[in-house]
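A.B. asks: Have a look at the structure that comes next, please.
Since every read-out is calculated from the coordinates, none of them should be taken as a lab result. This is a predicted model, so every value here is computed, not measured. Note that each Cβ is placed from the backbone with ideal geometry, even for glycine, and that neighbours are counted across all protein chains shown.
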Amino acid sequence: MPGHEILLGVTGGIAAYKTADLCSKLVQAGVSVTVVMTAAAEKFIGPTTFEALTGRPVYRELFSPQEHFRGEHIGLAQRANLMVVAPATADFLFHAAQGAAGDLLSTLVLTRTCPLMVAPAMNSDMWAKPAVQRNVAQLRADGVHFVEPGDGWLSCGQVGPGRMAEPAEILGVIQTLLQ
């Protein structure tokens with residue numbers, strides 16, 4: 001996978017700790033990774049973790065250009081071969097399915113020209129809701145690739161579907177998409 005550029009979106013779910021492992025695995029495989037975090041993601045994991053893993057700044061603000069004169073939502077999207085969002089919360093799935101662009105990550109979803117892959121993670125009751133499943137169906141119809149959530153123990157104490165796929169499984173899907 002060397003030579004590829006991945007835009008890695010991190011949203012506000014407890015599974016964000018797994019995304020650090022995924023990020024490390026990608027960098028070890030020779031992939032260049034740029035991380036975009038939502039404000040909610042920072043409640044679960046800090047940007048310093050991803051900066052240390054990638055050797056790059058973490059992007060968080062839509063209107064705070066760090067590198068691209070035309071805006072991060074344009075420059076970051078243009079250089080990516082693949083965009084991955086892990087964990088993909090119910091809130092993220094809603095905004096992506098509706099084409100909403102209220103923050104840097106959701107705006108990047110709209111400006112990207114590369115494939116988008118998401119790894120949902122949420123409480124089992126949330127995952128089962130018709131509204132969430134409608135958003136998933138819409139995103140699938142729009143060509144978004146999914147790494148399905150697994151069954152297992154969730155941080156809320158429930159056991160069931162909604163657990164973010166393991167980083168090794170997500171990495172395997174990324175490798176397939178980049179071939």
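A.B. asks: Check the straight Cα-Cα distances from K43 and name the lysines below 20 Å, setting aside those fewer than 8 residues away within the same chain.
C.D. replies: Excluding near neighbours in sequence, the set is K18.
A.B. asks: Here's another thing I want to ask about it. What is the order of Y59, Y17, fewest Cβ neighbours within 10 Å to most?
C.D. replies: Ascending number of Cβ neighbours within 10 Å: Y17, Y59.
A.B. asks: Counting only helical runs of four or more DSSP H residues, what would the 222 nm mean residue ellipticity of the chain come to if each run contributes -39,500 (n - 2.57) and the total is spread over all its residues?
C.D. replies: So the calculated ellipticity at 222 nm is -12000 deg cm²/dmol.
A.B. asks: Still on this structure, please answer the following. Answer with one residue from W153, L116, M37: the one whose Cα lies farthest towards the positive end of the charge dipole of the chain, charges on Cβ with Lys, Arg +1 and Asp, Glu -1.
C.D. replies: Checking the options against the dipole of the chain, the answer is L116.
A.B. asks: Where a Cα-Cα gap under 14 Å defines reach, which aspartates and glutamates qualify for K129, not counting those fewer than 8 residues away within the same chain?
C.D. replies: D91
A.B. asks: Suppose every K and R has +1 on its Cβ and every D and E has -1 on its Cβ; what is the size of the dipole of the chain about the Cα centre, in Debye to the nearest 20?
C.D. replies: 160 debye
A.B. asks: Over the chain, what is the mean sequence separation of C-alpha contacts under 8 Å (at least six apart), divided by residue count, expressed as relative contact order in percent?
C.D. replies: Relative contact order, the chain: 22 percent.
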